[in-house]
Amino acid sequence: MPDVLDTAGILGFDPYDPGFRADPYARYRALGADRRPVRTPAGLWVTSSYALCDEILRDPLFGHRPGNGGLWRDSPVRRRSFLTMDPPDHTRLRRLVSKAFTPRLIRELRPRAEQVVDGLLDGVEGEVDLIEALAYPLPVILISELLGVPPEDRDRFRGWSDALARGLDPDFLLPADDLARRDEAREEFAAYFRDLAARRRAEPRGDLLSALVAVSDGGEVLAEEELLATCVLLLVAGHETTVNLIGNGALALLRDPELPARFRAGSAAAAVHELLRYDPPVQLTLRAALEDREPAGTPIARGEMVLLLLGAANRDPGVFPDPDRPDLSRYAEGSRTPRHLSFGAGIHYCLGAHLALIEGQVALRRLFRREVALGEAPLAYRDNLVLRGLSGLPAVVTPA
């Protein structure tokens, strides 16, 4: 484990505090939601302000150049996805991927999501781990089918996905074994999709991988390394975050005895947006100043990095009244509540947001058709800092 004092000196808070994993929001609040960013002893700028996070996410002069080195990454990351690129590379790659990853394709997945959830919950009763029974298998089945991965290969994804998700955390937080597993998973995953992409070039099918292989725009195509990086991104972003959306959302509903009935009676779409605000799967992100900038009048020099605490921004009391309480009507139709930052903002707004919303709505709506109560086993969170999610969610399910 890295030195706790050094870690707190870098981040501005201590992720190893015993209470942090259970409730990071109280620790974030100690930083304040001041309009101005604060600087940690190690030189990293940090903000928990909604307005400032939103401003920096939308500012084209904050991005990923210079690369996320120094405090965050000890070495350049190979096979970077467009998520960590700036224009013009980001613009070109996102445009190409969007041609294959269409809203129509995602909309058509809702009936399949309903079918998968019904199959997963069929016969489920008594004591159950909702992560294993529902939150994990649903997104891995859907993203596998979307990419055209054969059913017999899905189990191979779990180890890769766990290692890659853990590897999103800054290098200084990761033991050597985790760093090695991340790099190994990236190479094994790339090798797998290199072979599968070759098969799709020879014999295209109606899946997303075939579309990505064939996509073009004015003669531009995805190079092989770009294709592989996109597949890694779709796996981690399209799977790990949705596991946490379903798990965190179910836990929030189960902790308040009045919420399940309100959820059943109201809009699932509005409720899922509120659950994303309340306990988001993605807790933070990093941006570098591409030029000298002065957000909120604070001089930030070119190359300096700003840590955006999205989980804290989503609970900024100046923006969200009573922010520590899940209000399932907060995003009801006609509401003027500001959009949460759980999917980011600006040019990096999550490309798969609509898919995640469909999966969250279908999973939670169908789960809570049943009577569900929180189990007695203690809750445990995964060690990840960037991604927040449970390693298990004990529950007692009574069939409808």
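Across the chain, where is the longest run that never hits GluC sites (Glu not before Pro) in a DSSP loop with at most 13 other C-beta atoms within 10 Å?
Segment 126-257 is the longest.
Counting only DSSP beta bridges with both residues in the chain, what percent are antiparallel, rounded to the nearest 5?
If I count the DSSP bridges inside the chain, around 90 percent turn out antiparallel.
Among Phe13, Phe189, which comes first, then next, by fewest other beta-carbon atoms within 10 Å?
Ordered by Cβ neighbours within 10 Å, fewest first: Phe13, Phe189.
Please report Rg over Rh for the range 185-320, where both radii come from the alpha carbon positions and Rh follows the Kirkwood definition.
Ratio value, two decimals: 1.10.
For a quick check: sort Thr91, Thr230 by the number of other beta carbons within 10 angstrom, fewest at the front.
Thr91, Thr230
Using only helices, what value at 222 nm comes out for the chain when you add -39,500 (n - 2.57) per DSSP H run of length 4 or more and divide by the total residues, to the nearest 500 deg cm²/dmol?
Taking each H run of at least 4 residues, the total per residue is -13000 deg cm²/dmol.
State log₁₀ I(q)/I(0) for the range 4-398 at q = 0.06, 0.09, 0.13, 0.14 Å⁻¹ as given by the Debye formula over alpha-carbon point scatterers of equal weight, solvent excluded.
-0.23, -0.53, -1.17, -1.36
If the viscosity is 1.002 mPa s and the temperature 20 °C, what translational diffusion coefficient in µm²/s does Stokes-Einstein give for the range 161-227 when Rh comes from Kirkwood over Cα pairs?
Calculated translational D: 156 µm²/s.
³J(HN,Hα) across the range 320-334 via Karplus (A = 6.51, B = -1.76, C = 1.60, θ = phi - 60°), whole Hz, x for Gly/Pro?
With coefficients 6.51, -1.76 and 1.60, one gets 10, x, 6, x, 8, 10, x, 10, 5, 9, 4, 10, 4, 3, x Hz.
For the chain, modelled as a Gaussian network with Cα springs under 10 Å, which listed residue fluctuates most, Gly63, Gly167, Gly375?
Comparing Gly63, Gly167, Gly375 in the GNM, the peak value goes to Gly375.
Using Cα springs under 10 Å in a Gaussian network model of the chain, which residue among Ser335, Ser49, Ser210 shows the largest mean-square fluctuation?
Among Ser335, Ser49, Ser210, the largest GNM mean-square fluctuation belongs to Ser335.
In whole Å, how far is the Cα centre of the range 340-400 from that of the range 257-324?
16 Å
With unit charges on the beta carbon (Lys/Arg positive, Asp/Glu negative), name the residue among Gly9, Leu307, Ala190 whose Cα is farthest towards the positive pole of the charge dipole of the range 4-398.
Leu307
Which of Leu173, Leu212, Ala135 sits closest to the plus end of the dipole of the range 124-217, meaning its Cα is farthest towards the positive end, when Lys and Arg get +1 and Asp and Glu get -1 on the C-beta?
Leu212
Would you mind pulling out the separation of the Cα centroids of the range 170-186 and the range 34-48, in Å?
26 Å
For the range 145-218, what's the relative contact order in percent, using C-alpha pairs closer than 8 Å and at least 6 residues apart?
Rounded, it is 36 percent for the range 145-218.
About the Cα centre, and with charges only on the beta carbon of Lys, Arg (+1) and Asp, Glu (-1), how big is the dipole of the range 4-398? Nearest 20 debye, please.
Once rounded to the nearest 20, the dipole reads 1040 debye.
For the range 107-164 and the range 189-240, compute the distance between their C-alpha centroids and round to whole Å.
21 Å
Only the coordinates and a few stated rules stand behind these numbers; no lab work does. What you see is a predicted model; the values in this text were computed from it and never measured. Note that we place each Cβ from the backbone using ideal geometry, even for glycine, and neighbour counts take in every protein chain shown.
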